[in-house]
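Below is one structure, written out as structure tokens; the observations come after it.
What follows is calculated from the coordinates using simple rules that are stated; it is not laboratory data. Keep in mind the model is a prediction, meaning the values are calculated, not measured. Positions of Cβ are generated from backbone atoms using ideal geometry, with glycine treated the same way; all protein chains shown enter the neighbour counts.
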Amino acid sequence: MIDQLFGSKTRVKLLQLFYSNPNRSFYVREITRKIDEQINSVRRELSNLLSIGIISSDTNNNRLYYEVNQAFEYYDPLRAIFGGSGDKSEAVTIPTSDAQAQDLKSLGNVELVIYSGQFTRDESSGIDILIVGDINQTQLAKYIEELEAKESKDLRYTVMTPKEFKYRQQVNDRFLTLLLSSKKQVLVDKHAILSPAKSKKTKPEEE
């Protein structure tokens, strides 16, 4: 029904890709691979979405990238349909696919997963992935290897225990501060530790 409403299966897939990844940029061949559609169809629909203002584009390293335009007038209702939330916050948690959720679950007790760096084209953080939890190192190595193959890029990642993450938050660790202030995509936030209400609590309340 959504295909009929929006006129094109490719268009619907593109909207789902962009609105489920509000802080990520994609180039044409990457998009074609992710949504499994013909490149000519993808280019045509990208041109349509660009002309409407739903997405924006810019060039980096001689490659044209596209991402959702969060300033678009109808961003919120479209995100509610295609991305699962109308929140524009950079810390919005992206719904993971069943396969992705299973992959992350295999790593152990995962509490927080953040994509930045190459995923969001913001190098201020210095890394591409942060994983917080009690992690199985063997499974982690396998996960990163498979993700690098899927993304066709070498990925920089950091793993912290929940205790280390909490401590770094409390002391305003420079590395963590840069990451959390960067353009990012939150895949998992098990205890909503990046929610605005919790982030304001930098020290225990006095009795």
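Values computed for the structure shown
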| item | result |
| --- | --- |
| Modelled FRET efficiency - R0 30 Å, E146 with S47, Cβ distances, 0.05 increments | 0.35 |
| K9-D76 pseudo-label distance in nm [points 7 Å out on the Cα-to-Cβ vector] | 3.4 |
| For V188, residues with placed amide H under 5 Å, excluding near neighbours | V113 |
| Length released on extending from Q100 to T59, taking residue separation times 0.36 nm less the Cα-Cα span | 11.8 nm |
| Model label zone, R156; criterion: amide N under 19 Å from point 7 Å along Cα-to-beta-carbon; scope the range 15-44 | 24-25 |
| Links that overshoot a 31 Å alpha carbon limit, given the list K13/K190; K9/K190; K105/K166 | K9/K190 |
| Per-residue HN-Hα couplings for the range 31-41 [Karplus 6.51, -1.76, 1.60; θ = phi - 60°; Hz; x = Gly/Pro] | 4, 4, 5, 6, 9, 6, 10, 5, 5, 5, 5 |
